[in-house]
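The structure under discussion appears below in the form of structure tokens.
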Amino acid sequence: MTAARTRHPGRSILLTSGLAIALAAVAVPFYWLAVGATHSSQDIFDSPPPLLPGGHLGKNLATLQETADFGRVVLNSLGIASVYTLLAGAVCTLAGYGFATYRFRGREALFGLLMLGLVVPAQITLVPLFKMMAELHWLNTYQAVIAPNLALPFGIFLMRQSMAALPKELLDSGRMDGCGEFRLFLRVALPPLRPALAALALFLFLYQWNDFIWPLIVLRDDSTFTIPVALASLQGLDETDYGAILAGTAIAAVPMAIVFLALQRHFVSGLLAGAVKE
Amino acid sequence: MTPSTPAAAVSRPAAPRRSARRRGRWGTAAPYLFVLPAVLLFAGFKLYPIAWSFLLSLHRTVGGTETFVGADNYLRLADDPLFWTALRNTGVILVVQVPLMLALATGLAVALDSTLLRGRPVFRLGFFLPMVTGLVAYGIVFSVLLNEEYGLVNWLLGLVGIDPVPWLTEGLWARISLGLALTWHYTGYNAVILLARLQTIPRELYDAAAVDGAGALGAFRHVTLPGLRPALLLTTVLSTIGTLQLFDEPYVLTGGGPDNATLTIGVYLYQNAFKYFDFGYASAVAYALTVLVGVLGMIQFRLLGEKS
């Protein structure tokens, strides 16, 4: 590594600075989001546009709270994403374990069926699911957002990949010690999989936190809105207050980016363990 | 857990039977119980709606009542100019944006893999970060950045003497804007998938190529690209599926406009279902979309997957 660098110091600097410029371009929307969130709508559309953070964040948040009860919206998003992560995490982990560690009749067929969900467009189910939710009287409820995506094919796939790496001997020795199948799963299989579970949890949380079309369809009452739905509804207003909207957008994006940065090692490696093996 | 007796530990042939007996507590049901929640949920919230959707596509919804109309909705699709517009728009993204983005992602992955690059973890992370941003959030940011009169982008262009660009208000530019937003969001993600694959290519292959007198380009063509094949297939298929279903970005960024220039199949489906409440027709659109995803997916597997 260092040998290549010392042999071509010029190329190394060129490559690094080239990528740094590209990264700066990629970062512009983030930077501008942080700046826009701290200015009033008028300032944002000034010429020249503001390039440094202003002092309007508090006012924007207050406007947001007034027009959309945004505190409630953030709590809705947090609650829905947390409960979803727990439940979907359990469903995917159990299924991944079942498929990875047992041989049973119909295993290939069942797994293939679940993986069909990866390629069938989600939109095909929107209308029937909406009708189902209406018949269950679940419209405007949290469970309507959470339930339909609990058996997430990608999550099951990810868990099966991670669990296939578990040494068989570990499970067999647990069995010889008289451990029941479920306890084996909880006490023997799960602990070494902590990084993969962290990746799954982060993925599920982000997925639900950012999901838009399904919550948009089943949540019609603004007291149940999640952040993306609330933001989209604010954007549709005649007098859109962009300062307030950008403050809300920053709340949706910035904490997630920070959580991601903190946990990214697990996330990327966990995702890739699932993604690239053939 | 009872400690195993020395006798059990030594008599190895007995072990399989013992473990089978232990499993007997649940019988052979154990594996099924593990996958049961997923299978039930999937059957109820995916398979059943998929079947129902097909049934709906054979009906017309008028004022909440449904009448069987057979293939009428599908025939209507065939001469619905808006459907063809949506299909064409989606197709343009597929043949222009997706290859450009994947080429960019490949270049980025190779750069991120290079031993010449300093601070690799920072770069890898930075380019992946847009993926974490929700579609609505980045759609809103882009719509403000690209505002024709007041947006930052046109202001910057003005500094170097370029006239304001009608990013979101003129058909071609609206498509370009959508492509830019998609590229911003997904390039890093694809690069990370490709990068993981790159790291599995044995270094000896590069050394061998160097011994054979291959330059940097030769090594890329004969070692890197073939090695990347499975990951390229994966990213191509994922991008295709994603593009065909494209909804959030055009919905937030342009609303499908101006003049339907960015109307995608996903947006058209949504409009039919939840704006006009024409569930039957929307379901026909959804089935047409599914057939398209299936056919394109299969073609791509044939073309890219034949050697692996």
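The values are calculated or read from the model by the stated rules, or taken from the named source; none is laboratory data. Everything numeric in this text was worked out from a predicted model, so none of it was measured. Methodologically, a virtual Cβ is constructed for each residue, glycine included, from the backbone with ideal geometry; neighbour enumeration extends over all protein chains shown. Note: accessible area is taken over every heavy atom of the protein model, side chains too, but ligands, DNA and RNA are not part of it. Shrake-Rupley method; radii C 1.70, N 1.55, O 1.52, S 1.80 Å.
Structural remarks
- Residues within region B:58-117 that are under 30 Å from A:HIS8 (Cα atoms) and within 26 Å of the chain's Cα centre (by Cα), tallied: 14
- Taken together, the residues in region A:139-190 that are β-branched (Val, Ile, Thr), in contact with a helix residue (DSSP H, G or I) (Cβ under 6 Å, 6 or more places away or on another chain) and more than 9 Å from chain B (Cβ to nearest Cβ) amount to 3.
- Exactly one residue among B:GLY294, B:GLY280, B:GLY255, B:GLY266 is part of a loop (DSSP other than H, G, I, E, B) and within 10 Å of chain A (Cβ to nearest Cβ), and that residue is B:GLY255.
- Test: residue in region B:159-168 that is free of Cβ contacts under 8 Å to residues at least 40 places away in the same chain, crowded, with 20+ Cβ neighbours inside 10 Å and under 27 Å from the mean Cα position of the chain (by Cα): yes
- Answer residue from region A:43-64, given it is open to solvent by 30 Å² or more (accessible area, probe 1.4 Å) and facing another protein chain (nearest Cβ under 10 Å) and is nearest to B:VAL132 (Cα to Cα) among those: A:LEU51
- Looking across region A:4-17, the residues that are facing another protein chain (nearest Cβ under 8 Å) and either surrounded by fewer than 16 Cβ atoms within 10 Å (Cβ to Cβ) or modelled with pLDDT of 85 or more (or both) come down to A:ALA4, A:HIS8, A:ARG11, A:SER12, A:LEU15, A:THR16.
- Scanning region B:24-48 for residues that are basic (Lys, Arg) and either within 26 Å of the chain's Cα centre (by Cα) or at pLDDT 95 or above (or both) returns a single hit, B:LYS46.
- Of the residues making up region B:299-306, one or more are modelled with pLDDT under 85, under 16 Å from the mean Cα position of the chain (by Cα) and either among the aromatic types (Phe, Trp, Tyr) or assigned by the TED database to the domain that holds B:VAL96 (or both).
- Odd one out for B:VAL132, checked against (1) touching a residue at least 12 places away in the same chain (Cβ under 8 Å); (2) touching a Phe, Trp or Tyr at 6+ places or on another chain (Cβ under 7 Å); (3) within 14 Å of chain A (Cβ to nearest Cβ): (1)
- The set of residues from region B:204-216 being part of a helix (DSSP H, G or I), modelled with pLDDT of 85 or more and either open to solvent by 70 Å² or more (accessible area, probe 1.4 Å) or within 11 Å of chain A (Cβ to nearest Cβ) (or both) comprises B:GLU204, B:LEU205, B:ASP207, B:VAL211.
- When region A:124-171 is filtered for residues that are of a type in the set (S, T, N, Q), touching a residue at least 24 places away in the same chain (Cβ under 8 Å) and in a helix (DSSP H, G or I), the ones remaining, listed by number, are A:ASN149, A:GLN161, A:SER162.
- Meets criteria (loosely packed, with under 15 Cβ neighbours inside 10 Å, of a type outside the set (S, T, N, Q) and in a helix (DSSP H, G or I)) for B:GLY179: no
- Residues of region B:145-171 classified as within 9 Å of chain A (Cβ to nearest Cβ) and in a loop (DSSP other than H, G, I, E, B), total: 4
- Hey, B:THR243 under 23 Å from A:ASN210 (Cα atoms) and within 17 Å of the chain's Cα centre (by Cα) or not: yes
- Among residues of region A:215-225, those that are within 11 Å of chain B (Cβ to nearest Cβ) and open to solvent by 10 Å² or more (accessible area, probe 1.4 Å), counted: 2
- When residues of region A:229-245 are limited to those that are open to solvent by 50 Å² or more (accessible area, probe 1.4 Å) and modelled with pLDDT under 80, the one nearest to the chain's Cα centre (by Cα): A:GLY236
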